[in-house]
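K.L.:
Provided herewith is a single structure, encoded as structure tokens, for subsequent inquiry.
The values are calculated or read from the model by the stated rules, or taken from the named source; none is laboratory data. The model shown is predicted, which means the values in this text are computed figures rather than measured ones. For neighbour counting, all protein chains shown are included, and Cβ atoms are generated from backbone atoms with ideal geometry for every residue, glycine included. These area figures cover heavy atoms from the full protein model, side chains too; ligands, DNA and RNA do not enter into them. Shrake-Rupley method; radii C 1.70, N 1.55, O 1.52, S 1.80 Å.
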Amino acid sequence: MFIFRQLRDSSSATYTYLIGSRASRAALLVDPVAEQSPLYLGLLGELELNLACVVDTHLHSDHLSAAPTLIRHTGCLYAAGLCSGIGGADRQLADGDSLDLADLHLEVLATPGHTPGCITLLWEDRLLTGDALLIGSCGATGEPGGNAGTHYDSVTRKLLPLPDELLVFPGHDRDGRRVSCIGDERQGNPLFCGISRDEFMAQDRSQPMGERAEAMLAANRQGGGSVLRERSPVSPNN
Ligand SMILES: [Fe+2]
């Protein structure tokens, strides 16, 4: 009944997720990369899906969001986390919110730290964790508004207590690994397993941002959605 695709942008090692319904033909894309827009649009056409919404799990500094391009082509909604700093989002998603698009139902967990507005999406048996929790790792905390202690709390209090079998689909993996699960991350993620909050905060995980990061942050802050859109309205289910 549902379609789930994990799509990789190799230049930024970003994973984008396509979730679609064969019944309603509604689809959403999570963390799409601008350069891959033709791929997404082609895939949506091939699968006969209608893009209802783009979600960015946070303000990205390592790639340009495809949201503006996809909004222009499809008139889809745009959603991002409350406090993300992304302008023009149609929906600002807070902890505990639901995102309902036809028969697609996702739940929102606020998982700040890597950035103040990071969210994780729960859909069926899988978590789309953005940069909050990566496979055996997590996002750096050197980005604007990043906070190591908050990041530790998000992962250890919000994500790792979830059921073992929930699948973890990360926003990036430099080694090309695709999926983990909560049980494996709780038992084996070296950044959190047996590591106290103070120890985590003492690590210098503030990686220098790439030379294009400031430009990407500025462009991504513009977001899209309501500020870009001159289109006939799309009717979301919420
Ligand atoms: Fe990030």
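K.L.:
Nearest 20 debye, what's the magnitude of the dipole of the chain about its Cα centre given +1 on Lys and Arg Cβ and -1 on Asp and Glu Cβ?
P.N.:
About 400 debye.
K.L.:
Counting only heavy atoms of the protein chains, get the accessible area per residue of the range 2-211 (1.4 Å probe) and round it to a whole Å² value.
P.N.:
I get 39 Å² per residue for this part.
K.L.:
Still on this structure: Per DSSP helix of 4 or more residues, -39500 (n - 2.57); summed, then divided by the residues of the chain. What does that give at 222 nm, rounded to the nearest 500?
P.N.:
Rounded to the nearest 500, it is -5000 deg cm²/dmol.
K.L.:
Once you list every other residue whose beta carbon is under 12 Å from the beta carbon of residue 117, what net charge do they have if Lys and Arg are +1 and Asp and Glu are -1?
P.N.:
-3
K.L.:
Report relative contact order for the chain in percent, whole number only (criteria: Cα-Cα under 8 Å, sequence separation at least 6).
P.N.:
20
K.L.:
Please identify every one of the GluC sites (Glu not before Pro) in the range 171-228 that sits in a loop by DSSP and has no more than 11 other beta carbons within 10 Å of its own beta carbon.
P.N.:
The qualifying sites are 211.
K.L.:
I would also like to ask the following. In the chain, what percentage of the DSSP-assigned beta bridges are antiparallel, given to the nearest 5?
P.N.:
The antiparallel proportion sits near 65 percent.
K.L.:
To continue, here is another question. Please compute the modelled spin-label separation between residue 184 and residue 164, points set 7 Å along Cα→Cβ, answer in nm with one decimal.
P.N.:
1.4
K.L.:
Mind checking which of 207, 183, 47 is farthest towards the positive end of the chain's charge dipole, using Cβ charges of +1 (Lys, Arg) and -1 (Asp, Glu) about the Cα centre?
P.N.:
47
K.L.:
Next question. Could you check how much of the accessible area of the chain is carbon and sulfur, as a whole percent, using a 1.4 Å probe?
P.N.:
49
K.L.:
Going by a ≥ b ≥ c, the root eigenvalues of the Cα gyration tensor, does the range 98-193 fall in the rounded group (a/c under 1.5), the prolate group (a/b larger than b/c) or the oblate group?
P.N.:
oblate
K.L.:
Right, next: Given a Förster distance of 45 Å, report the FRET efficiency between residue 4 and residue 196 from their Cβ-Cβ distance, rounded to the nearest 0.05.
P.N.:
About 0.80, to the nearest 0.05.
K.L.:
Using alpha carbon coordinates only, what is the Rg to Rh ratio of the chain, with Rh defined as the Kirkwood radius?
P.N.:
Using only Cα positions, Rg/Rh for the chain is 0.95.
K.L.:
DSSP loop (so not H, G, I, E, B), at most 15 other Cβ within 10 Å: list which GluC sites (Glu not before Pro) in the range 104-166 pass both filters.
P.N.:
Counting only loop positions with at most 15 other Cβ atoms within 10 Å, the GluC sites (Glu not before Pro) in the range 104-166 are 124, 165.
K.L.:
While we're here: Give me Rg over Rh for the range 29-82, both radii from the alpha carbons and Rh done the Kirkwood way, two decimal places.
P.N.:
0.95
K.L.:
Where the centroid of each part is defined by its Cα atoms, how far is the range 66-131 from the range 179-199 in Å?
P.N.:
Answer, in whole Å: 24.
K.L.:
Continuing with this model, one more query. Find, among the trypsin sites (Lys or Arg not before Pro) in the range 1-60, those assigned to loop by DSSP (not H, G, I, E, B) with at most 10 other beta-carbon atoms within 10 angstrom.
P.N.:
none
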